[in-house]
Ligand SMILES: Nc1ncnc2c1ncn2[C@@H]1O[C@H](COP(=O)(O)OP(=O)(O)OP(=O)(O)O)[C@@H](O)[C@H]1O
Ligand SMILES: [Mg+2]
């Protein structure tokens, strides 16, 4: 879109081409290094509407995704990203607040040569080992008052593409999630990506905290996107606890931050997880929630003039969502055929408990499995409130032993019979002895429910989970 509507000026820029012209400028001023800015382009604010800033004077040298600095009347500088062009006017959105910015304010853009420009595009983080145990914002700035972070030596691009599909490793071995309901009914392999679908207040954050603490992984990266400020501290202190935090990097953008910051929180967490994965580690990526990420994209899309399509979400949301989710999963294989793995759990807030709303639908189609949490189960006091009959991991049964598969199958059959018949049984409309399968379900289902129940502080390994299920299913043998 750059330079759209051009024609009246800068004929030279069009004749020579912008990169050539930048080279010529650099040559003229005697600059050798690409990393040094060639110059600073100055534009002006021509209007503000909603969340977007219109800027003139930036055409020809800026494009979508470029970052500019807007100088407010109070002397504060706000960073903003160009999200669209309307003719000669660049439409930008701020990372911070718009306060103090008015019509006529100055906006500056640092011009770099083509190579450095590519390197800087979209922002980057310098992650390293010392980030574990820390809470950071999407720009990599500490948010936990524990002092500055030591920058790492590897530039992790925020908007990196997913690894080349053909060169990606396969899924790793079975991963121990430390939560019985998941270990048994949504058994995962390293590098698998799951959606966690739940309404509000059903126990997503608690389950994510349990996963961060209990999962057998080297490092956990947790993205808290659009949470209320109060919840962040609660999550870090209560759900994660010191033990979980020690092996985690938490990236936060609360609900009061700009949509760009909320979008970047998801990308920054992904970049941090990629850093650890690319070192050959087994990484657990937890994102709460993808819905808030999509809502941030919706705000950005609508502000840049995109039309709302499905339930107010513009089409770009559903184009960008797979680009984020695809980055999770196995890493690239090294010369010895080894690779790091990023196992991921993305929470989806099922608005109004409607499992057909567009974000739920889109996420379900992209990932390798889903876990459904239900209010009805939470209300009955059984936590984590996972409906195991509606949850599914696409790598099961391949990753379990045949005996384990048989146990899970049996348990599913009993639970499903119980679900179908429980009202009849409670009303006394079923006479025991009529159907052996129903009789068995009546005896066994409460024991299976007992296995699914797990306190927040409790951990259950894969072996312990299967032992518990074996015990529950043999209740029948003992009593019957
Ligand atoms: N494993 C558990 N054991 C006991 N209680 C639980 C468990 N998981 C969740 N709860 C209860 O459910 C409540 C809500 O949980 P949580 O905050 O994790 O839900 P949420 O889905 O993240 O909510 P929100 O949509 O508001 O973010 C908790 O305050 C707690 O009382
Ligand atoms: Mg929550």
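The values are calculated or read from the model by the stated rules, or taken from the named source; none is laboratory data. No experiment lies behind these values; they were computed from the predicted model shown. Neighbour counts are summed over all protein chains in view; Cβ atoms, including those assigned to glycine, are modelled from backbone coordinates with ideal geometry.
Which residues, counting only those in the stretch 144-194, are free of Cβ contacts under 8 Å to residues at least 12 places away in the same chain and not in a loop (DSSP other than H, G, I, E, B)?
Scanning the stretch 144-194 gives 165, 166.
Kindly provide the set of residues from the stretch 54-81 that are surrounded by 15 or more Cβ atoms within 10 Å (Cβ to Cβ) and under 18 Å from residue 262 (Cβ atoms), ordered by number.
Selection gives 67, 78, 79, 80, 81.
With the structure loaded, tell me whether residue 265 is buried (at least 24 other Cβ atoms within 10 Å of the Cβ), within 12 Å of the chain's Cα centre (by Cα) and within 16 Å of ligand 2 (Cβ to nearest atom) or whether it fails that test.
yes
What number of residues within the stretch 344-390 satisfy the criterion of being part of a loop (DSSP other than H, G, I, E, B), more than 16 Å from ligand 2 (Cβ to nearest atom), more than 18 Å from residue 450 (Cβ to Cβ) and touching a helix residue (DSSP H, G or I) at 6+ places or on another chain (Cβ under 8 Å)?
So the count comes out to 3.
Let me confirm something: among 235, 197, which residue is in a strand (DSSP E or B), touching a helix residue (DSSP H, G or I) at 6+ places or on another chain (Cβ under 8 Å), farther than 23 Å from residue 464 by Cβ and within 15 Å of ligand 1 (Cβ to nearest atom)?
Step by step, each of 235, 197 is checked, and only 197 is in a strand (DSSP E or B), touching a helix residue (DSSP H, G or I) at 6+ places or on another chain (Cβ under 8 Å), farther than 23 Å from residue 464 by Cβ and within 15 Å of ligand 1 (Cβ to nearest atom).
At pLDDT 85 or above and under 27 Å from residue 316 (Cβ atoms), is that true of residue 48?
For residue 48, the condition - at pLDDT 85 or above and under 27 Å from residue 316 (Cβ atoms) - is met.
Does residue 331 satisfy the condition of being without any contact (Cβ under 8 Å) to a residue 24 or more places away in the chain and either crowded, with 22+ Cβ neighbours inside 10 Å or within 10 Å of the chain's Cα centre (by Cα) (or both)?
No; evaluated as a whole, the condition is false for this residue.
Of the residues 345, 261, only one is touching a strand residue (DSSP E or B) at 6+ places or on another chain (Cβ under 8 Å), within 16 Å of ligand 1 (Cβ to nearest atom) and touching a residue at least 40 places away in the same chain (Cβ under 8 Å); which?
Criteria check complete, one pass: 345.
Residues are listed down the side, and each one gets a yes or a no for (1) assigned by the TED database to the domain that holds residue 233; (2) without any contact (Cβ under 8 Å) to a residue 24 or more places away in the chain; (3) assigned to a loop (DSSP other than H, G, I, E, B):
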position	(1), (2), (3)
74	no, no, yes
78	no, yes, no
84	no, no, no
91	no, no, no
97	no, no, yes
103	no, no, yes
108	no, no, no
116	no, no, no
140	yes, no, yes
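Residue-by-condition table, conditions (1) in a helix (DSSP H, G or I); (2) under 23 Å from residue 210 (Cβ atoms); (3) within 15 Å of ligand 1 (Cβ to nearest atom):
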position: 230; (1), (2), (3): yes, yes, yes
position: 242; (1), (2), (3): yes, yes, no
position: 251; (1), (2), (3): no, yes, no
position: 269; (1), (2), (3): yes, yes, no
position: 275; (1), (2), (3): yes, no, no
position: 318; (1), (2), (3): yes, no, no
position: 321; (1), (2), (3): yes, no, no
position: 324; (1), (2), (3): yes, no, no
position: 334; (1), (2), (3): no, no, no
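Within the stretch 398-405, is there a residue that is farther than 20 Å from residue 470 by Cα, out of contact with any helix residue (DSSP H, G or I) (no Cβ under 6 Å at 6 or more places or on another chain) and part of a loop (DSSP other than H, G, I, E, B)?
No.
Pick from 413, 456, 470: which is surrounded by 13 or more Cβ atoms within 10 Å (Cβ to Cβ) and within 16 Å of ligand 2 (Cβ to nearest atom)?
Answer to the check: 456.
Working only within the stretch 173-209, note down all residues that are away from ligand 2 (no atom under 16 Å from the Cβ) and surrounded by fewer than 19 Cβ atoms within 10 Å (Cβ to Cβ).
Within the stretch 173-209, just 173 meets the criteria.
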